[in-house]
Amino acid sequence: MKITVRYFASIREAAGTSSEVLQTQSTTLAQLRDELIQRPGATGAALARGRAVRLALNQVMSDESAMLADGCEVAFFPPVTGG
Amino acid sequence: MTNPRVSIQTQDFDLSEEVARLQAGDKRVGAVCSFVGLVRDRNGGAESSVQSMELEHYPGMTEKSIEAMIDEAHQRFDFFDARVVHRVGLLQPLDQIVLVAVTSAHRGESFKACEFLMDYLKTQAPFWKKEATADGAQWVDARVSDDAALARWGIAGSNAVE
């Protein structure tokens, strides 16, 4: 399926881009994160296990067990620091 | 209500104007509670250590998440209207950064709703701060104490904790 992946803050800087469109076989957010971790380059390092990474699915905070769907929007970002 | 409840903007806001608009013509209102957050010149460390601050957000999700917070606040507290303004972009110490204002019949509910909205916003709304200091620019770490503040309302905060 085809999905949009967005990056914010320190993860956006590491990725060198704010978004990309991906063709993926992953079915959950956890699998997608692992898939991106295994890619060579700085994006994978920024998403490494043990790093504080938060996720959103279709613009709602989500945990990694959530299921992907064709056309969905996934975002990876560090813990939020507004206010 | 015709006024927007949530605005994410680069420009400054005026507390008096925002409150006047929020309570305009509403004769039920007996209490208005507001909170304004400011950019400080320090972050735990020495004074004047923070020279400026860049705020990033997630257009779309940020607005939706704050709208959902206000809906959640309405489930918990008996207030009339709420207004949240959050600035993004480049800010300097002394600049206003966030406004939460709430109207209600009596003070108790607007005090509580205002504090609830701020505690929620700190840990759940997608904003990120990057501070410019003499040592360069660095992203601000999330605080465990902000999760603890949210936990007082019976909501498990897990923003700062891995």
Check: What is the log10 of I(q)/I(0) for chain B, computed with the Debye formula using one identical point scatterer on each Cα and no solvent, at q = 0.09, 0.15 Å⁻¹?
Finding: -0.31, -0.84
Note to self: Please compute the contact order of chain B in relative form: average sequence separation of alpha-carbon pairs under 8 Å and at least six residues apart, divided by the residue count, as a percent.
What the structure shows: 29
Item checked: Helix-only CD estimate at 222 nm, as mean residue ellipticity for chain B, using -39500 (n - 2.57) per DSSP H run (n ≥ 4) -> -10000 deg cm²/dmol
Check: Which FRET efficiency value, to the nearest 0.05, do you get for residue A:17 and residue B:94 by plugging their Cβ-Cβ distance into 1/(1 + (r/R0)^6) with R0 = 41 Å?
Finding: 0.75
Notebook entry, point to check: How long is the gain from residue B:28 to residue B:137 if the chain were fully straight, where each residue apart is worth 0.36 nm and the alpha carbon distance is subtracted?
Noted result: 34.5 nm
Check: For chain A, what is the calculated [θ] at 222 nm in deg cm²/dmol (nearest 500), taking -39500 (n - 2.57) for each run of four or more DSSP H residues and dividing by its residue count?
Finding: -7000 deg cm²/dmol
Item checked: Peptides ranked, highest mean first, by Cβ atoms within 10 Å: ranges B:112-121, A:61-70 -> B:112-121, A:61-70
Next item on the list: Over the whole of B:117-124, what's the average partner chain Cβ count within 10 Å per residue? Rounded to a whole number, please.
Entry: 2
Margin query: Placing +1 on the Cβ of each Lys and Arg and -1 on the Cβ of each Asp and Glu in the protein assembly as shown, which of A:9, B:51, A:26 has its Cα farthest towards the positive end of the resulting dipole?
Written below: A:26
Check: To the nearest µm²/s, what D does Stokes-Einstein give for segment A:2-77 at 25 °C and 0.890 mPa s, using the Kirkwood radius over alpha carbon pairs as Rh?
Finding: 203
Note to self: Quick check: the distance between the Cα centres of segment A:38-83 and segment B:93-117, to the nearest angstrom?
What the structure shows: 31
Notebook entry, point to check: In whole percent, what relative contact order does segment A:2-77 give with Cα contacts below 8 Å and a gap of six or more residues?
Noted result: 42
Notebook entry, point to check: Suppose R0 equals 51 Å; then what is the FRET efficiency for residue A:25 and residue B:41 from their Cβ-Cβ distance, rounded to the nearest 0.05?
Noted result: 0.55
Next item on the list: In square nanometres and to one decimal, what's the mean projected area of the convex hull around the Cα atoms of the protein assembly as shown?
Entry: 14.2
Check: What FRET efficiency would be calculated for the residue pair residue A:69, residue B:71, taking the C-beta separation as r and a Förster radius of 25 Å, to the nearest 0.05?
Finding: 0.50
Next item on the list: Let me know the charge dipole size of chain B about its Cα centre in debye, to the nearest 20, where only the beta-carbon of Lys, Arg (+1) and Asp, Glu (-1) is charged.
Entry: 420
Next item on the list: Take the Cα atoms of segment B:65-110, find their three principal axes, and give me the spread along each one in whole Å, biggest first.
Entry: 36, 23, 11
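Computed from the coordinates by the stated procedures, all read-outs in this text should not be read as laboratory data. What you are looking at is a predicted structure, and each value in this text was computed from that prediction instead of being measured. Quick reminder, even Gly has a Cβ in these numbers, built from the backbone with ideal geometry, and neighbours come from all protein chains shown.
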